[in-house]
1. How many percent of all Cα-Cα pairs in the range 86-154 sit more than 19 Å apart?
2. Gain in length, residue 170 to residue 2, computed as 0.36 nm per residue apart minus the alpha-carbon separation, to one decimal in nm?
3. Return the calculated 222 nm mean residue ellipticity for the chain, to the nearest 500 deg cm²/dmol, obtained by summing -39500 (n - 2.57) across DSSP H runs with n ≥ 4 and dividing by the residue count.
4. Compare the peptides 124-135, 41-52 by average per-residue count of other Cβ atoms within 10 angstrom and give them in order, highest first.
5. Which value, in Å³ per residue, describes the convex hull spanned by the Cα atoms of the chain?
6. By per-residue mean of other Cβ atoms within 10 Å, what is the highest-first order of 90-98, 147-155, 58-66, 29-37?
7. With only alpha-carbon atoms counted, please give the Rg and Dmax of the range 177-237, in Å.
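No value in this document is a laboratory result; all are computed from the given coordinates. Source: prediction; values computed, not measured. Cβ placement follows ideal geometry from the backbone for every residue including glycine, while neighbour counts extend to all protein chains displayed.
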Amino acid sequence: MALLEVSNLIKKFGGLTACDNVSFKIEKGDIVGLIGPNGAGKTTLFNCLVGYYKPNDGTVLFKGENITGLKSFLSNRKGLARTFQIPAIMGDMTVLENTMVGAFCRTNDEDEARDEALKILMLVRLDRERDAYPTELPFAAQKRIELARALATKPDLLMLDEIASGLTKTETEDILRMLRDIKDGKGLTLFVIEHVMDFVMPISDRVLVLDGGKKIAEGKPESIIEMEEVIEAYLGEKYVKSQ
């Protein structure tokens, strides 16, 4: 049984079909990349999976349970967590307090939430900044706060929306190593939207490609970059020749 199985998912906004009959599976332990041009429907797909949007049609099965249209706080308790492209952190709360918000998904005990948050902050290398406020920290650290809060919910499937966007090459390489370590240490499954090809291709076991709301390709990274339809829709000849 797949950890996540999406069948014929459709999401419309008026006359626009943002996700058009999208189907795929993610097995436990996989790292799956999701790529495509702006407006392809990637973030809309994420929003449908976690329950921010209710699909017009199709089904979402998670651990064998139908969670289609389930509210986001309930899907989070089932084991789905996501980050946002623009960190949705709370500037008037410390790094530790931001992370504790995620931990409260699993406990009502403040001490237990604090202990879990502190462990997570060590994983993402923010333990020394735990009493700082997010606005005092660089953008790369703010991305890691977003990641920490999602991890604190103890997900089975962690969905990352452009976690490397806006980062330098060094910062991208750093978070790539960090995610591999976290994935191996916690046995997580990752689903990753990304425009930074030097991030998503090395980390992914498999890549899905959306264009105009449709899934146009799926396969291993090395096969995806050779598909003519993917080159035309998104990658371009320049990227392919650089590999």
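1. 19 percent
2. Gain in length upon complete extension: 57.0 nm.
3. About -10500 deg cm²/dmol.
4. Result, highest mean first: 41-52, 124-135.
5. About 124 Å³ per residue, rounded to a whole number.
6. Numbers: 90-98: 17.4, 147-155: 24.1, 58-66: 15.6, 29-37: 21.3.
By packing density, highest mean first, the sequence is 147-155, 29-37, 90-98, 58-66.
7. My reading of the Cα-based Rg and Dmax gives 12.7, 38 Å.
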